[in-house]
2 protein chains.
Amino acid sequence: MKIGILGGGQLGRMLIQSALKYDDEFYTLDPASDAPCHNISYFTQGNFNDYETVLNFGKDKDVVTIEIEHVNADALAELEKQGIKVVPNASIIRTIQQKILQKEFYKAHDIPSPEFQVIWNSDDRIIMSLPFVQKMNTGGYDGKGVQVIKNEDDYQHLWKEASVIEHLVDIDKELSVIVARNENGETNTFPVTEMVADPKLNLLDFNVCPVLLTEDVQRQIYLITEKFLAAVNSPGLFAIELFLDKEGKVWVNETAPRLHNSGHQSQEGNTNSQFEQMYRVVKNLPLADTDAITYSGMLNLVGAEGYAGKVIYEGMEEVLRLPETYIHLYGKTETKPGRKMGHINVLADSREELMEKLVMVKGMVRVIADS
Amino acid sequence: MKIGILGGGQLGRMLIQSALKYDDEFYTLDPASDAPCHNISYFTQGNFNDYETVLNFGKDKDVVTIEIEHVNADALAELEKQGIKVVPNASIIRTIQQKILQKEFYKAHDIPSPEFQVIWNSDDRIIMSLPFVQKMNTGGYDGKGVQVIKNEDDYQHLWKEASVIEHLVDIDKELSVIVARNENGETNTFPVTEMVADPKLNLLDFNVCPVLLTEDVQRQIYLITEKFLAAVNSPGLFAIELFLDKEGKVWVNETAPRLHNSGHQSQEGNTNSQFEQMYRVVKNLPLADTDAITYSGMLNLVGAEGYAGKVIYEGMEEVLRLPETYIHLYGKTETKPGRKMGHINVLADSREELMEKLVMVKGMVRVIADS
């Protein structure tokens with residue numbers, strides 16, 4: 001089958017890597033000529049935000065999917081009209097692309113998400129009490145397009161454009177749950193993952209899976225995933241990012257309509273990974289079992305501050321000596337501060353052992369450049 | 001790093017698939033334009049048995065390795081002279097390519113292998129008692145070039161060319177052990193795998209790992225791997241195929257200087273697979289941990305008799321519904337009787353459960369053609 005992917009980054013690369021155990025042909029579209037997918041797929045250099053480019057890319061494929069949500073949804077809708085299968089469908093991509101539509105979606109389907117107000121322009125009166133979060137309607141990614149307005153002084157920083165203004169949740173834990181639904185309506189939910197900030201080192205977050213949760217919290221998450229999967233009306237794999245507040249209530253922060261960083265430890269930690277599941281969704285195959293085999297965790301390998309150029313992974317040989325420790329690099333030759341270059345997955349028999357290993361590994365490696 | 005592989009078949013494909021989590025460039029050489037590696041590596045169509053072709057292919061690589069042993073070893077030796085790293089080295093490839101040299105290697109290093117006699121031409125007198133096995137010196141592969149001479153009538157079928165004539169072992173079990181050694185001299189041994197014939201169905205063999213063995217048998221295998229790894233004097237990953245005879249003695253049948261069918265279940269059954277280990281050997285990295293996670297087994301997907309043409313995998317959707325069951329196809333579009341098209345790995349909590357699952361899965365699938 002000819003499978004087209006909008007985006008040729010690491011998510012696409014790991015999807016293709018996983019799916020090499022089947023017999024499909026993968027095509028990718030990305031503006032960067034050296035995108036991580038360029039040499040493992042039939043690669044087209046081009047802009048996935050451009051209507052004509054996406055239409056041309058998709059028209060001879062059996063199915064078109066995404067590994068990034070900031071794509072031209074109009075072109076995807078047109079492809080659907082022309083009979084090309086699009087996973088997830090253009091409508092849900094468009095809903096999730098726009099924070100305003102996304103919030104309205106949660107509201108319409110009774111999915112708990114922080115109280116919000118929409119502002120369209122600079123004249124709108126703000127009724128949300130301080131502090132609150134402002135999320136730009138479009139263009140947000142990896143924390144961009146999001147800011148916290150803490151006090152009246154901060155009002156001057158308010159973006160005067162279409163955005164969502166949202167009640168600031170008093171967060172106890174940040175959680176994520178990856179759900180999948182195929183065209184036949186089968187669904188599957190991965191074990192819940194926690195994104196843990198390391199309190200001592202104040203460095204990057206780790207993913208930890210599974211998480212010990214009270215029965216009540218588990219029930220809340222179960223209801224959220226059930227409502228989401230019933231409402232979504234599209235095949236797809238979705239990462240639902242959640243806040244657990246200090247009073248024990250679960251809120252949906254936002255949803256990604258694609259493979260997600262919070263699911264990377266599933267590569268070795270679960271009976272099947274998010275990448276295998278995504279493949280099955282795209283092909284409308286029976287969904288995979290996704291039980292946690294043991295405790296698993298992930299840390300991102302991010303370009304260190306002050307280094308740009310040809311990447312060097314300092315300390316990697318020592319990491320390779322550790323049992324049940326798995327390095328995943330993304331085939332990017334150039335690093336720059338903050339760039340996601342890879343990740344490391346770790347397995348352990350307990351959460352305590354896992355956290356110790358994650359902190360240790362984090363201290364062993366640095367992503368620098370040779371110049 | 002530029003890694004060249006002689007051969008572009010499924011073993012190379014799964015090696016590259018596994019190594020996509022690192023940042024190397026893979027180059028493959030294979031006579032078939034649609035070889036399994038052709039679209040996931042920088043592919044050269046050519047004959048890996050041809051001196052000039054191999055020399056040209058290898059000269060600009062950082063390291064050259066193999067996924068099939070029937071390659072031009074003279075060219076590899078010349079590449080070594082020119083300073084290109086060859087893994088495993090040309091000398092051990094040449095030794096293993098020729099059954100006579102292979103048997104002399106075992107004898108020289110006190111590695112138990114069935115008693116043998118070399119015959120060079122039709123005049124040589126045979127002193128080996130009947131029944132015996134004849135193995136052609138070169139060109140044997142997947143059971144070709146091997147025959148059993150049972151009685152005096154069979155003498156007429158004897159191949160009149162350079163070959164080894166070997167005592168026929170009264171086999172209790174066929175075992176395999178995959179060992180690895182890197183350039184730094186680090187070594188690793190995978191858990192022992194049994195190749196089990198299914199007595200009821202008389203179909204293909206399964207791999208089952210790990211195997212319950214007496215302490216004495218374990219000790220014999222340990223000594224064989226230790227002697228082999230000390231003698232081999234080359235980095236490499238090797239599959240040592242063993243016979244356990246009915247008196248409890250272990251014999252080396254033969255060795256492959258490469259990735260091997262008997263190690264496929266390590267993809268999901270072990271903390272790291274033979275493919276990850278091979279990658280580490282090729283790059284002289286610390287060797288990986290290879291413990292068995294649970295019971296694992298494999299069955300080959302082989303083209304059914306009577307079918308040739310565009311492949312159809314009958315029953316595969318039902319297999320996808322089974323938990324802890326992993327399909328691996330090789331990207332071959334055309335099937336023919338007996339062609340290895342893929343394999344299925346299965347995990348289970350006990351050997352009994354594993355055998356049941358393997359027999360069940362075997363009964364569910366058929367590799368046929370659409371014409």
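The values are calculated or read from the model by the stated rules, or taken from the named source; none is laboratory data. Values in this document were obtained by computation on a predicted structure and should not be read as measured data. Cβ: placed from backbone, ideal geometry, glycine included. Neighbour counts: every protein chain shown. Protein only, heavy atoms only, side chains kept; ligands, DNA and RNA dropped before computing areas. Shrake-Rupley method; radii C 1.70, N 1.55, O 1.52, S 1.80 Å.
In what sequence, largest accessible area first, do B:Leu130, A:Leu242 appear using a 1.4 Å probe? Let's see the in-between values first.
Details: B:Leu130 60, A:Leu242 0 Å².
From most accessible down to least: B:Leu130, A:Leu242.
May I ask you to rank A:Met341, A:Met1, B:Met195 by accessible area, largest first, using a 1.4 Å probe over the protein chains only?
Ranked from most to least accessible, the order is A:Met1, B:Met195, A:Met341.
What spacing in nm lies between the two simple spin-label points modelled at A:Leu101 and A:Tyr51, each 7 Å away from Cα in the Cβ direction?
1.5
Whenever you get a sec, compute what percent of the accessible area on segment B:179-318 sits on carbon and sulfur atoms (1.4 Å probe).
Carbon and sulfur: 49 percent of the exposed surface of segment B:179-318.
Take the alpha carbon gyration tensor of chain A, find the square roots of its eigenvalues, order them as a ≥ b ≥ c, and report rounded if a/c is under 1.5; if not, report prolate when a/b exceeds b/c, else oblate. If you can, show how the numbers build up before the last one.
Working: a/c = 1.27, a/b = 1.04, b/c = 1.22.
It is rounded, given that a/c, with a ≥ b ≥ c, falls under 1.5.
Leaving out ligands, DNA and RNA, calculate the buried accessible area for the pair A and B with a 1.4 Å probe, summed over both sides, in Å² to the nearest 100.
Summing both sides, the interface buries roughly 3100 Å².
Using a 1.4 Å probe on the heavy atoms of the protein chains only, list every residue of segment B:15-30 that has 10 Å² or more less accessible area in the complete assembly than in its chain alone.
B:Gln17, B:Leu20, B:Lys21, B:Tyr22, B:Asp23
What's the local net charge at B:Gly8, with K and R +1, D and E -1, over the other residues with C-beta under 10 Å away? Can you show the working numbers first?
Values: positive: B:Arg13; negative: B:Asp30, B:Asp34, B:Glu67.
Within the 10 Å Cβ shell, the charges total -2.
Can you spot the lysines whose alpha carbon is less than 18 Å from B:Lys357's alpha carbon? Ignore those fewer than 8 places along the same chain.
Output for B:Lys357: B:Lys200.
Please report, for B:Gln45, the nm distances (one decimal) from its label point, 7 Å out from Cα along the beta-carbon direction, to the equivalent points in the remaining copies, shortest first.
Values, ascending and in nm: 2.6.
Shortest first and in nm with one decimal, please list how far the A:Asp153 label point sits from its counterparts in the other copies (point 7 Å along Cα→Cβ).
The projected label point of A:Asp153 is separated from its counterparts by 10.3 nm.
So how exposed is B:Lys246, as accessible area in Å² (1.4 Å probe, rounded to 10)?
130
Once you have the Kirkwood Rh of segment A:1-96 from its Cα pairs, apply Stokes-Einstein at 20 °C and 1.002 mPa s and quote D in µm²/s.
Reported coefficient: 166 µm²/s.
Just read off the accessible area of B:Met136 with the full protein assembly in place, 1.4 Å probe, to the nearest 10 Å².
Looks like 40 Å² after rounding.
Report the local net charge at A:Ile127: Lys and Arg +1, Asp and Glu -1, summed over other residues whose C-beta lies under 13 Å from its C-beta.
-2
List the lysines whose Cα lies under 19 Å from the Cα of A:Lys144, skipping any in the same chain that are fewer than 8 positions away.
Output for A:Lys144: A:Lys99, A:Lys103, A:Lys135, A:Lys160, A:Lys336, A:Lys340.
Using a 1.4 Å probe and ignoring any ligands, DNA or RNA, find the accessible area of A:Trp120 and quote it in Å² to the nearest 10.
Approximately 150 Å² of A:Trp120 is accessible to the 1.4 Å probe.
By a straight-distance test (C-alpha under 17 Å), which aspartates and glutamates pair with B:Lys246 as possible cross-link partners, with residues fewer than eight away in the same chain excluded?
B:Glu115, B:Asp170, B:Asp172, B:Glu174, B:Glu194, B:Glu215, B:Asp216
At 1.4 Å probe size, put A:Lys107, B:Lys362 in order of accessible surface, largest to smallest.
On the way: A:Lys107 135, B:Lys362 35 Å².
Correct descending sequence by accessible area is A:Lys107, B:Lys362.
May I ask you to list, by number, the DSSP H helices of chain B whose Cα span along the axis is at least 27 Å and whose average Kyte-Doolittle hydropathy reaches 1.6 or more?
Helices passing the filter in chain B: none found.
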